[in-house]
Amino acid sequence: MIHALCLLIGTSLAATEADYEVGAGDTLEVTVYGVPDLSGPFEIDDGGSVAFPLLGPIDVAGLTTPAIAEDLTTRLSPDYLVNPRITVSVSEFGSQPVQVLGSVAKPGVYYLRGDTTLLELLSEAGGVSRGGVDEIRVAHSGDEDSVSTIAYQTLLAGSEADFALQAGDIVFVPDSLVAVMGEVGKPSEIAFREGMTVSQRIAAAGGLLVTGSKRRVLILRGEDQIRVNLATILTGESSDIVLEPGDRVFVKRAIF
């Protein structure tokens, strides 16, 4: 079931589009009131220009729509029109791509419309497509080593600040879970993270109950069962075990 974000996307995005700086791939809708021959859609070419009637190529890349309307008004008056009234909007966004991958209803490439936040983009992608998502990762454009990890539930609750995305960012909602069951404080499923170990996962689930056995722990991996002695891991006598996506950790009851 799709997780609702409870956002008024249309209102929020509309409020930021006036600050949006257009670029190659965007399409502008220009309206010159009373002059239909000068009105219509104009696609911004790879050089950042639009071919406008009477005026020829006009460089618009990096400008906002109010600035473009003001520029056209200046260029058209008084030689061509007297007191022209012009509005400009973006009818198609295509210059600032962001990828959304993983467990969302509609993964794919989306285009920023001004200051688009992470929650706004997730909602535009149909929302997170299942419960239990613990974190979301954002790989930032231009720096392969720059990755932000966001605690999704605290973001939804407003305890963590939402933030604006940048063109080229990649948003990844993990669709692989690691479950802990049995004699632990908080049996649960959380998103898989590279390098997560069995002892870390059990600790994140509230640790063992007094009825839990450190020597009777299983990792259920597909059809395999991997026996784990948590006692020797905690004392450093044996190495911790790195988990894999889809693993289920089962802590058995101690035998007294």
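Could you work out how far helix 65-76 tilts from the main Cα principal axis of the chain, as a 0 to 90 degree angle to the nearest 10? Taking the Cα atoms of the chain, the angle to 65-76 is about 10 degrees. Within segment 12-112, the chymotrypsin sites (Phe, Trp or Tyr not before Pro) that combine a DSSP coil assignment with at most 15 other C-beta atoms in a 10 angstrom radius are Y33, Y80.
Kirkwood hydrodynamic radius of segment 23-92, from the reciprocal of the average inverse Cα-Cα distance over all distinct pairs: 12.0 Å. Model label points for D46 and E244, set 7 angstrom from Cα along the Cα-to-Cβ axis, are 4.5 nm apart. Summing +1 for each Lys or Arg and -1 for each Asp or Glu among the other residues whose beta-carbon sits under 13 angstrom from that of T235 gives 0. Ranking A254, I233, L121 by how far each Cα lies toward the positive end of the dipole of segment 121-256 (charges on Cβ) leaves A254 at the top. Using a Gaussian network model of the chain in which every pair of alpha carbons under 10 angstrom is joined by a spring, one finds that among T74, T116, T31 the greatest mean-square fluctuation is at T74. The loop-placed GluC sites (Glu not before Pro) in segment 160-249, going by DSSP, that have at most 15 neighbouring Cβ atoms within 10 Å of their Cβ come out as E160, E194, E223, E237. The orientation-averaged projection of the convex hull spanning the C-alpha atoms of segment 177-253 amounts to 4.4 square nanometres. Charge dipole (Cα centre; +1 on Lys/Arg Cβ, -1 on Asp/Glu Cβ; no other charges) of the chain amounts to roughly 1980 debye. Only residues of segment 181-213 count here: report those whose backbone N is under 17 Å from the spot 7 Å along Cα→Cβ of I170, or say none. So the set is 193-194.
In this entry, the chain is assigned a mean projected area of 18.1 nm², taken as a quarter of its C-alpha convex hull surface. Looking at the chain as a GNM with Cα springs under 10 Å, which of G127, G158, G114 has the largest mean-square fluctuation? Answer for the Gaussian network model of the chain: G158. The slack in the chain from T232 to S39, taken as 0.36 nm per residue of separation less the alpha-carbon distance, amounts to 61.9 nm. Spin-label model, S148 to R85: label points 7 Å out along the Cα-to-beta-carbon direction sit 4.1 nm apart. Calculated FRET efficiency, T73 to A161, Cβ-Cβ distance, R0 = 35 Å: about 0.35 to the nearest 0.05.
When the alpha carbon coordinates of segment 12-61 are projected onto the principal axes, the ranges are 34, 28, 12 Å, largest first. For segment 134-256, the Cβ-based charge dipole about the Cα centre amounts to some 1020 debye (Lys, Arg positive; Asp, Glu negative; other atoms uncharged).
Please say if segment 96-209 is rounded, prolate or oblate, where rounded means a/c under 1.5 for a ≥ b ≥ c the square roots of the C-alpha gyration tensor eigenvalues, and otherwise the choice is prolate for a/b larger than b/c and oblate otherwise? Prolate, since a/c reaches 1.5 and a/b exceeds b/c.
Coordinate-derived values only; no laboratory data. Note that this is a predicted model, so its numbers are computed, not measured. Don't worry about glycine lacking a Cβ; one is built from the backbone with ideal geometry, like all the others, and counts go over all protein chains shown.
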